[in-house]
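Contents: one structure, followed by commentary.
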Amino acid sequence: MYTCHRCLRCCSHKRIRVNPYEVYRLARRVGMSTTEFLATNTICGGTELARREDESCVFLTKEGCGVHADRPLVCRLYPLGRRVTPGEPDRYHMSETHPESDGVFSDSGTVESFLASQGARPFEEAADRYFALLLRMGDAMSERASTDQEEYDAAAEVLSAPPDWQPWLDIDAALQSGDGESSAPASAEIAMTRHIELLERKFVSKATATKSGSLSQPEVQSP
Ligand code: SF4
């Protein structure tokens, strides 16, 4: 078991990656739409939390994490790392901790109890759902590559350019522009489900169903 003593040293010089579910939770935590949040608190096309000039996380305060209840999965797992291989059990390994960290290791507890204490499961499930979506998108791309190289290249361009990823990460913009539901999602889990279904309809199903058609940019707003 690892016990954090809030020395705050571990929240600097780190690349904190986020998926759309995590962006949604963090955005609501700080009272923003995901569009506003992505524009102001992320880098790398919306896939990482921003850092300040001193390399500290944008949410680090003198008292600790300013978004603790909605912190991303990597912060919950630390100092563990998680390796996911489709069809195999998840594997966890120890990451290197900050050399001056006040965190304390002990022999008590299990990985399972540590994950439960950190509230990691909903975040792992969200990461798995988006990972599975990416795999389905990859399959759709492969199918397209085998039937039409020109359309495959066009689709690859849409999907691989970092600036184009931000709308895909932006749940609020995506849902506003096209999932047909008029009500606001009642929870982050519902928002994620609607977002995944939307991307599935707009990309995976379309790519596999219209082999002779062109793959267009998804109808989502840019932040
Ligand atoms: S989100 Fe919170 S726990 Fe994670 S790096 Fe930033 S300040 Fe630290």
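The values are calculated or read from the model by the stated rules, or taken from the named source; none is laboratory data. The model shown is predicted, which means the values in this text are computed figures rather than measured ones. Here Cβ is always computed from backbone atoms with ideal geometry, including for glycine, and neighbour counts include all displayed protein chains. Just the protein is used for accessible areas: all its heavy atoms, side chains included, with ligands, DNA and RNA removed. Shrake-Rupley method; radii C 1.70, N 1.55, O 1.52, S 1.80 Å.
Has the range 107-124 got at least one residue that is on the phi > 0 side of the Ramachandran plot, of a type outside the set (D, E, K, R) and away from the ligand (no atom under 16 Å from the Cβ)? Scanning the range 107-124 turns up at least one residue that is on the phi > 0 side of the Ramachandran plot, of a type outside the set (D, E, K, R) and away from the ligand (no atom under 16 Å from the Cβ). Of all residues in the range 3-20, one or more are open to solvent by less than 60 Å² (accessible area, probe 1.4 Å), more than 10 Å from the ligand (Cβ to nearest atom) and at pLDDT 95 or above. Sort out which residues of the range 81-106 are more than 14 Å from the ligand (Cβ to nearest atom), in contact (Cβ under 8 Å) with a residue 24 or more places away in the chain and either part of a loop (DSSP other than H, G, I, E, B) or open to solvent by less than 40 Å² (accessible area, probe 1.4 Å) (or both), and write them in order of number. Correct list: 84, 86, 90, 100, 102, 106. Taking the residues in the range 179-217 that are under 19 Å from the mean Cα position of the chain (by Cα) and not in a helix (DSSP H, G or I) as candidates, determine which candidate is modelled with the lowest pLDDT. Filtering first and then ranking leaves 185.
Of all residues in the range 32-76, those being out of contact with any strand residue (DSSP E or B) (no Cβ under 9 Å at 6 or more places or on another chain) and either open to solvent by 60 Å² or more (accessible area, probe 1.4 Å) or in contact (Cβ under 8 Å) with a residue 24 or more places away in the chain (or both) number 18.
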